[in-house]
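Undergrad: Dropping the structure in here first, questions after.
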């Protein structure tokens, strides 16, 4: 089986109504996840001040999100096989909505790390669950629509960051994140009821999928390759989410509202890139999308990290978002096609591990040098993802 498939043409056959409804409901959950996560990250500067944490101590506290997510992701793969990805998605949506209200209630770095462990567990669980459901839908439709789901995540992140920026000067983090809890529970109740009524699609048998969908010896290597690509690219998304606003505010003296808009620019660019992802994949194929996207992200992040002016940094963030847009969804979808929920869990663990371990790593590097220098590591890993894509093109 080729690691990175060639360009193809879109199927024109009509879509069954229940599959269309499933696509809508899953899109809602992806958007909700991005909305809640962005609402948390734009309030990190205020919570840092509230807890009195240094940059390095804050990075250590953020490991709570990483630990909770990474530990839960592999467990979620097994839960999806036992209870179904739809049920697990709804359960994790409830937990995510409740746990986002906890960080502003803390007043020390240790307490913040403890509650972020719960938040990270919910975040990691729901990502494996709805990505597994989306992989099954992609296989049933036989179209590369995975980027559209991640576009919804990015759109939710853009809206969440925009709302957070508007509320940063007038609403406390406690009230803001409690509002996210209410919104999350309402959306989960409505969308979750619809999701539980839809029977998961049976993936069609494809010629290249004659092996059992599990990470056996013949699939483990390719799954790990896709997981490494996901790690390299998601590292950048986590870095900009947690440190982008702080970089603009502290290094470039941007207003808090403008600093929060930095993540909005990044999320908007990712949304645009992912909305066009299906067409790009059908016309260009996965190899070109990964190689060009990784190179573009590397150049954009060098500009975003080292630019002397806010407007140049914002352009760099946007270029980075366009470059990274489709790399992660391609990696997760292909891993899931190879090994089912276990493949999604493996690639997601590596990918979101990079996304969630990246911010604390950057915090430590910033203590050793400077935050702009630390952010250039994003460019290095994006370039590595492009190199991996190019190096595996013949396989």
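Bear in mind that the values in this text are calculations on the coordinates, not laboratory data. Everything numeric here is computed off the predicted structure, so don't read it as measured data. Note: ideal-geometry Cβ built from the backbone for every residue, glycine included; neighbour counts use all protein chains shown.
Undergrad: Which distance in Å, rounded to a whole number, links the C-alpha centroids of region 50-87 and region 266-302?
TA: Each part's Cα centre sits 27 Å from the other's.
Undergrad: Next up: Which residues in region 127-147 have a backbone N closer than 18 Å to a point placed 7 Å from the Cα of residue 94 along the Cα-to-Cβ line?
TA: Only 127, 129-130 pass the distance filter.
Undergrad: If you don't mind, there's one more thing I want to ask. Given the Cα-Cα distance of residue 49 and residue 82 and 0.36 nm per residue of separation, how much length would full extension add, in nm?
TA: 7.6 nm
Undergrad: To continue, here is another question. If one takes the longest principal axis of the Cα atoms in the chain, at what angle in degrees, from 0 to 90 and to the nearest 10, does the Cα axis of helix 85-99 lie?
TA: Long axis of 85-99 versus the principal axis of the chain: about 0 degrees.
Undergrad: For residue 174 and residue 367, FRET efficiency with R0 = 25 Å and r from the beta-carbon atoms, rounded to 0.05?
TA: 0.35
Undergrad: With the crude spin-label approximation of a point 7 Å out along Cα→Cβ, what separation in nm comes out for residue 110 versus residue 193?
TA: Modelled inter-label distance: 4.5 nm.
Undergrad: Moving to a separate point now. Between the alpha-carbon centers of region 89-116 and region 315-343, tell me the distance in whole angstrom.
TA: The distance from the Cα centre of region 89-116 to that of region 315-343 comes to 26 Å.
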